[in-house]
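Values in this text are rule-based calculations from the coordinates and carry no lab data. Everything numeric here is computed off the predicted structure, so don't read it as measured data. Because the Cβ atoms are built from the backbone with ideal geometry, glycine has one as well, and the counts that use them run over all protein chains shown.
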Amino acid sequence: MGYPRAKRDVLDRYLQDSACGTWELLADAVHAGGVAAIKKAGWPLPGQIKHEWAEKIGPFMSLNQNSSPSFGKFRDALSRLVS
C-alpha cells in the first residue's frame, strides 16, 4: 500500500462507490491533521495532495481485480477506446 501507516479505522468507514466524501476520508486516514488541515491551508494544497495520493496509491491498484463498479466501467471504456 502507498500509505502503510494509514488509519485503518478511518479507511474501514469507506463504502465502495458511495457518495461519502472519498477524498475527505482518505485525508483523515493519511494526512497529518486530516481534511481540516488541508482545507485550512487552502488552494493549491488539495490538488497537490490528491496528485501525490494518485502517484503513491496507483502502482498498488489491480486494474482487473478492482471491485468498484464505476472504476470497472471507466477501465472497460478506456480499453474499448484503445483497441
**Q.** Relative contact order (percent, whole number), the chain, Cα cutoff 8 Å, 6+ residue spacing
**A.** 30 percent
Q: Add +1 for every Lys or Arg and -1 for every Asp or Glu among the other residues with Cβ under 12 Å from the Cβ of Thr22, and state the total.
A: -1
Q: Multiply the residue separation of Ala36 and Asp9 by 0.36 nm, subtract the distance between their alpha-carbon atoms, and state the gained length in nm to one decimal.
A: 7.9 nm
Q: With label points built 7 Å along Cα→Cβ from the Cα atoms of Asp17 and Leu81, find their separation and express it in nm.
A: 2.0 nm
Q.
If you filter the chain for trypsin sites (Lys or Arg not before Pro), then keep DSSP loop positions with at most 16 other Cβ within 10 Å, what is left?
A. Arg5, Lys7, Arg13
Q) In whole Å, what is the distance between the alpha-carbon centres of the range 1-59 and the range 69-83? A) 24 Å
Q. Roughly what angle does helix 45-57 make with the longest principal axis of the chain, taking Cα atoms, 0 to 90 degrees, to the nearest 10?
A. 50 degrees
Q: Note the listed values (1) 25, 15, 13; (2) 32, 16, 11; (3) 27, 12, 11, then indicate which one is semi-axes √(5λ) of the Cα gyration tensor in Å calculated from this particular structure.
A: (1)
